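Comments concern the structure below.
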Amino acid sequence: MEGFRFSIPYTVRIQDINYGGHVSYAVVLYYFQDARIAYLSRLGPFTEMDVGEGCAIIIPEVHVRYRGEMFLGDRLEIGVRVREIRRSSVTMEYRIERGGEVTAEGETPLVTFSYDARRPRRLPGAFREAVASFEGLPVPA
């Protein structure tokens, strides 16, 4: 997928379909999540609940742009990348394509969060370095 160093394949399932006969708007967020989890795993020993130093990631907001319908059996490619690394967050972008046609795009800020302290934390060094290295981005000070 052009512009994305990481993507996963996905085939639309019956449970993804709504009463309109196409993929539900809410299911697209699950597609983003599946790709995000795979991306974190690709970077190293990271998960949404463990990006190092006792921190998880939380998502304070989501932006989605629907570009085309998706139907049962469609073979999709879901791309994910980090566009920006900040002190305590990264901005993740997503694209869903079917046969090279964009069907949905979106982005989520991912904030590093300590559930023990119940507050945001600075991005753990190993996670920040892994993202920067994979994406070819500068490492913020």
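The values are calculated or read from the model by the stated rules, or taken from the named source; none is laboratory data. From a predicted model like this one, the values you see are computed outputs, not experimental measurements. Neighbour counts are summed over all protein chains in view; Cβ atoms, including those assigned to glycine, are modelled from backbone coordinates with ideal geometry.
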With the requirement that a residue be among the aliphatic types (A, V, I, L, M) and either surrounded by 13 or more Cβ atoms within 10 Å (Cβ to Cβ) or in contact with a helix residue (DSSP H, G or I) (Cβ under 6 Å, 6 or more places away or on another chain) (or both), what does segment 95-141 give you? 96, 102, 104, 110, 111, 123, 126, 130, 131, 132, 137, 139
So which residues in segment 93-115 are outside any strand (DSSP E or B) and either free of Cβ contacts under 8 Å to residues at least 24 places away in the same chain or farther than 18 Å from residue 46 by Cα (or both), if there are any at all? 99, 100
Go through segment 24-36 and report how many residues are under 16 Å from residue 90 (Cα atoms) and touching a strand residue (DSSP E or B) at 6+ places or on another chain (Cβ under 7 Å). 3
For residue 87, the lone unmet condition from (1) surrounded by fewer than 13 Cβ atoms within 10 Å (Cβ to Cβ); (2) under 18 Å from residue 109 (Cα atoms); (3) touching a strand residue (DSSP E or B) at 6+ places or on another chain (Cβ under 8 Å) is (3)
Does residue 82 meet the test of being buried (at least 17 other Cβ atoms within 10 Å of the Cβ), touching a residue at least 12 places away in the same chain (Cβ under 8 Å) and either more than 18 Å from the chain's Cα centre (by Cα) or under 24 Å from residue 27 (Cβ atoms) (or both)? yes
Being in contact (Cβ under 8 Å) with a residue 24 or more places away in the chain, outside any strand (DSSP E or B), in contact with a strand residue (DSSP E or B) (Cβ under 6 Å, 6 or more places away or on another chain) and over 24 Å from residue 42 (Cα atoms) narrows 73, 68 down to just 68
Restricting the search to segment 6-32, which residues are out of contact with any Leu (no Cβ under 8 Å at 6 or more places or on another chain), outside any loop (DSSP other than H, G, I, E, B) and loosely packed, with under 15 Cβ neighbours inside 10 Å? 15, 25, 26, 30
Scan segment 33-65 residue by residue and report those that are in a strand (DSSP E or B) and within 14 Å of the chain's Cα centre (by Cα). 47, 57, 58, 63, 64
Considering only residues that are within 18 Å of residue 134 (Cβ to Cβ), touching an Asp or Glu at 6+ places or on another chain (Cβ under 7 Å) and basic (Lys, Arg), which ones fall in segment 68-100? 81, 83, 95
Of the numbered conditions (1) surrounded by 11 or more Cβ atoms within 10 Å (Cβ to Cβ); (2) in contact (Cβ under 8 Å) with a residue 60 or more places away in the chain, residue 39 fails exactly one; give the number of that condition. (2)
Filter segment 115-138 down to residues that are of a type in the set (A, V, I, L, M), touching a strand residue (DSSP E or B) at 6+ places or on another chain (Cβ under 7 Å) and closer than 12 Å to residue 82 by Cβ and give me whichever is modelled with the lowest pLDDT. 137
